[in-house]
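Let me begin by presenting the structure, written as structure tokens, before commenting on it.
The values are calculated or read from the model by the stated rules, or taken from the named source; none is laboratory data. Predicted model, so just to flag it, every value in this text is computed and none were measured. Here the Cβ is made from the backbone with ideal geometry for all residues, glycine too, and neighbour counts use every protein chain on show. Remember, those area values only see protein heavy atoms, side chains included, never the ligands or the DNA or RNA. Shrake-Rupley method; radii C 1.70, N 1.55, O 1.52, S 1.80 Å.
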Amino acid sequence: MRSFRDFMESALYDPERGYYSIREKAADFYTAPELHSAFGAVLADRLALLLERVAKLEPRGLLRIAEAGCGDGTLACQVARRLREKHPALAARVSFVLVERGRKDLTTAVRRLTAFGVPVTACTEISKLPRFSGVLYSNELLDALPVHLLEAREGKVQEVFVDAENREVCGPLSRPELAPHAAALAGRLQEGERHAVSLEAKAWIAAAAARIEEGFVVTIDYGKRFAPGTANPPRAFHRHAVETELTREPGARDLTASVDFEALIGAGYSAKLGLESFESLSKFLIEGGMLGFLEAAAGDDSAAYRERAKLKTLIHPEGMGEVFKVLIQRKAK
Ligand SMILES: C[S@@+](CC[C@H](N)C(=O)[O-])C[C@H]1O[C@@H](n2cnc3c(N)ncnc32)[C@H](O)[C@@H]1O
């Protein structure tokens with residue numbers, strides 16, 4: 001029997017049968033940069049503002065942009081293109097570092113970015129990043145980290161395990177770090193309600209803080225600042241529909257859990273990352289100029305209509321606009 005966390009790790013990342021080893025792009029879900037390149041352009045403009053601030057503190061040093069969980073490099077290419085077009089002086093001072101645990105995707109991402117003429121290095125885990133000054137960003141990385149799963153069962157908060165036949169079974173906590181989470185949920189979760197605990201997301205923020213000398217961590221993902229004791233059940237995504245059965249056909253569907261930004265902000269403070277801002281994706285994109293992209297997509301033909309529909313999905317509250325959040329944390333020397 002293994003913990004749900006270990007089941008999820010192998011269902012997503014088994015080198016042969018894991019979801020991310022065999023994922024057919026956009027078959028089950030779109031990420032924002034897969035939907036429209038305006039997402040990367042607005043992000044690049046914000047990264048440029050943050051990098052200008054770092055540049056004032058590091059006037060002669062090389063600045064870095066790191067993307068963690070970069071997949072095949074779609075977003076990194078959007079960011080690099082916008083920097084070159086709109087922020088050329090800054091672009092000339094910046095090198096990229098790509099972090100991606102999937103080696104095939106990482107190779108593709110490096111090839112695509114190199115074709116742009118951008119200096120790029122790469123690694124498969126954040127602990128291997130060289131220390132740098134600049135910005136480290138991620139989009140939909142933290143929701144893809146395996147989570148421990150707690151459930152209210154028979155009046156107690158227990159952990160969910162998965163047996164050899166892929167059936168879910170409750171049992172005592174597998175890790176002492178889960179005890180404070182179970183205590184916070186006790187008496188608050190209804191019988192059968194569940195809460196995903198991402199010990200890995202908190203460790204990731206601490207690791208990110210340790211790699212940055214001067215700069216910012218920008219985390220874009222879906223989730224919210226969960227109040228203590230709130231349920232947060234993980235979900236399976238298959239062909240753009242949400243499924244509640246998590247352990248059926250491991251590797252055939254995406255498994256994911258909303259990010260607990262309250263936990264990330266807290267983990268950040270413990271790692272000397274101050275809170276710079278926390279806002280909805282909608283606010284982030286609109287204040288960053290997304291309406292200009294909508295205006296530029298004016299027209300009556302079906303291509304213009306499709307273009308506007310994609311842009312609206314990014315900002316609409318019932319699309320990605322309110323569910324997704326943007327957290328910016330600052331590390332100072
Ligand atoms: C949902 S995809 C997002 C890809 C891309 N950021 C985008 O927005 O299209 C999550 C990516 O994170 C990668 N990943 C998961 N855990 C990771 C880790 N610990 N370090 C680096 N990459 C990781 C996965 O392999 C996958 O490519």
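A few remarks follow.
- Every listed requirement among (1) open to solvent by 10 Å² or more (accessible area, probe 1.4 Å); (2) out of contact with any strand residue (DSSP E or B) (no Cβ under 8 Å at 6 or more places or on another chain); (3) more than 20 Å from T124 (Cα to Cα); (4) within 14 Å of the ligand (Cβ to nearest atom) is met by G40 save one, (1).
- When residues in the stretch 75-128 are screened for being within 10 Å of the ligand (Cβ to nearest atom) and not in a helix (DSSP H, G or I), 8 of them pass.
- Which listed residue is in contact with a Leu (Cβ under 7 Å, 6 or more places away or on another chain) and either open to solvent by 20 Å² or more (accessible area, probe 1.4 Å) or farther than 30 Å from A48 by Cβ (or both), from P172, P250, P228, P234: P234
- Only listed residue being open to solvent by 40 Å² or more (accessible area, probe 1.4 Å) and within 27 Å of L291 (Cα to Cα), chosen from E52, E24, E67: E52
- Hey, L149 in contact with a Gly (Cβ under 8 Å, 6 or more places away or on another chain) and at pLDDT 95 or above or not: no
- Residues being away from the ligand (no atom under 11 Å from the Cβ) and under 20 Å from V162 (Cα atoms) - total across the stretch 17-29: 1
- If you go through the stretch 56-71 and keep only what is more than 8 Å from the ligand (Cβ to nearest atom) and either in contact with a strand residue (DSSP E or B) (Cβ under 9 Å, 6 or more places away or on another chain) or touching a residue at least 40 places away in the same chain (Cβ under 8 Å) (or both), you end up with L57, E58, G61, L62, L63, R64, I65, A66.
- Selected residue [under 29 Å from G18 (Cα atoms) and open to solvent by 20 Å² or more (accessible area, probe 1.4 Å)] from D163, D143: D163
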